[in-house]
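Worksheet for the structure shown next.
The values are calculated or read from the model by the stated rules, or taken from the named source; none is laboratory data. Just so we're clear, the structure is a prediction, and the values are computed from it rather than from any experiment. Every residue, glycine as well, gets a Cβ built from its backbone with ideal geometry; the counts of neighbours run over all protein chains shown. In case anyone asks, the SASA skips ligands and DNA or RNA and just uses the protein heavy atoms, side chains included. Shrake-Rupley method; radii C 1.70, N 1.55, O 1.52, S 1.80 Å.
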Amino acid sequence: MTDASALLRFDSTAKSYAAVVAVANVSLDIDPRSFVALVGASGSGKSTLLKMVNRLVEPTSGRVLLAGDDVTGLPAPALRRRIGYVFQSIGLFPHMNAAHNIGIGPRIAGSPLADARITELLEMVDLDGSYATRMPSELSGGQRQRIGVARALAGDPEVLLMDEPFGALDPVTRDALGDRVRGLHETLGLTTVMVTHDMAEALLLADRVLVMDAGQIVADETPASLLAGGGGEIAQTMVAVPRDQAARMAGLTA
């Protein structure tokens with residue numbers, strides 16, 4: 001599928017490590033303001049595909065285009081200023097307080113953030129301004145990941161990339177932060193691509209779900225279509241997990 005209005009385009013994009021094919025000639029377009037979930041088992045290629053957008057991984061062949069620009073033709077620092085990235089491991093600098101972690105990208109780019117903007121970003125992720133001076137060691141895992149989301153938004157990115165952003169969080173925090181990110185996606189008009197192995201999370205948060213297997217996109221569906229039985233065998237095997245869990249929980253009250 002190709003579209004001239006696409007913000008993000010994968011054009012026969014592939015990545016191999018010697019004889020191992022991690023991503024196999026993926027072609028797809030992601031439209032502005034869409035929320036796309038990349039779902040698949042470990043080793044399916046989903047994180048590799050995501051990392052090729054900001055050149056944490058370089059494609060072996062094919063292209064990745066951001067707003068029409070081939071990302072490999074852009075200086076990596078300039079490219080990454082256009083992209084917000086939320087890591088699974090959070091990745092806060094332990095020797096910097098929350099404000100310095102949030103503002104590190106703009107500061108390196110020569111445009112340090114005002115204190116008021118730091119406070120605004122904290123409030124976006126449901127933290128008050130007092131968190132600005134706290135060190136990562138003083139924060140819970142959920143609070144650290146909220147700081148990570150604020151940092152990803154600090155440069156007003158063209159696209160927000162999230163690689164298993166909630167995987168290390170407890171279920172209550174994970175659900176709350178997922179809802180917050182979805183709300184920010186709507187209010188800020190973001191274009192969001194999220195990698196997850198959790199099909200329930202993908203169905204609840206995304207507008208479009210891409211299922212990967214062996215480096216290929218094997219399903220490209222809306223959540224409603226997947227729940228109605230679309231997407232093929234691999235996708236339906238993944239949908240069956242939250243569906244069966246819901247049925248078993250319903251059975252507990254029968």
### Query
So what does residue 119 come to for accessible area, using a 1.4 Å probe and Å² rounded to 10?
50
### Query
Expressed as a rounded percentage, what relative contact order does region 1-104 have, with Cα pairs under 8 Å and six or more residues apart?
26
### Task
Using only alpha carbon pairs under 8 Å that are at least six residues apart, calculate the relative contact order of the chain and give it in whole percent.
24
### Query
Per-residue ellipticity at 222 nm for the chain, helices alone: DSSP H runs ≥ 4 residues times -39500 (n - 2.57), over residue total, nearest 500 deg cm²/dmol?
-10500 deg cm²/dmol
### Task
Pull out the extension gain between residue 207 and residue 247, defined as 0.36 nm times the separation in residues minus the alpha carbon to alpha carbon distance; nm, one decimal.
12.0 nm
### Query
Which entry in (i) 17.2; (ii) 15.1; (iii) 19.4 matches mean projected area of the Cα convex hull in nm² derived from the coordinates of this structure?
(ii)
### Task
Please give the contour-minus-distance gain from residue 60 to residue 137: 0.36 nm per residue of separation, less the Cα-Cα distance, rounded to one decimal in nm.
23.8 nm
### Task
State the volume of the convex hull built on the alpha-carbon positions of region 77-121, expressed per residue in Å³ and rounded to an integer.
89
### Query
To the nearest 20 debye, what charge dipole does region 109-254 have about its Cα centre, counting +1 at the Cβ of each Lys and Arg and -1 at the Cβ of each Asp and Glu?
220
### Message
Tell me the volume per residue, in Å³, of the convex hull enclosing the alpha carbons of region 101-201.
### Response
104
### Task
Collect residues whose amide H, placed 1.01 Å from N in the peptide plane, falls under 5 Å from the amide H of residue 213; neighbours closer than 5 in sequence don't count.
218
### Query
Which loop-located GluC sites (Glu not before Pro) does region 105-209 contain, where loop means any DSSP state but H, G, I, E or B and the Cβ has at most 16 other Cβ atoms within 10 Å?
158
### Query
Just how large is the dipole of region 8-113 about the Cα centre, in debye to the nearest 20, putting +1 at every Lys and Arg Cβ and -1 at every Asp and Glu Cβ?
240
## Note on the structure
Among 157, 171, 193, the residue whose Cα sits farthest towards the positive end of the charge dipole of region 97-230, when +1 is placed on the Cβ of each Lys and Arg and -1 on the Cβ of each Asp and Glu, is 157
### Task
Over all alpha-carbon pairs of region 1-96, lay out the pair-distance distribution in 5 Å bins, whole %, shortest bin first.
3, 12, 22, 24, 21, 12, 5, 2, 0, 0
#### Entry: Residues with amide H under 5 Å from that of residue 52, placed H, sequence gap 5 or more
57
### Task
Pull out the extension gain between residue 11 and residue 107, defined as 0.36 nm times the separation in residues minus the alpha carbon to alpha carbon distance; nm, one decimal.
31.2 nm
### Query
About its Cα centre, what dipole magnitude does region 44-100 give when the only charges are +1 on Lys and Arg Cβ and -1 on Asp and Glu Cβ, stated in debye to the nearest 20?
80
### Query
Once all Cα-Cα distances of region 132-254 are split into 5 Å bins that start at 0, what whole-number percent is in each one?
2, 9, 18, 19, 18, 15, 10, 5, 3, 1, 0
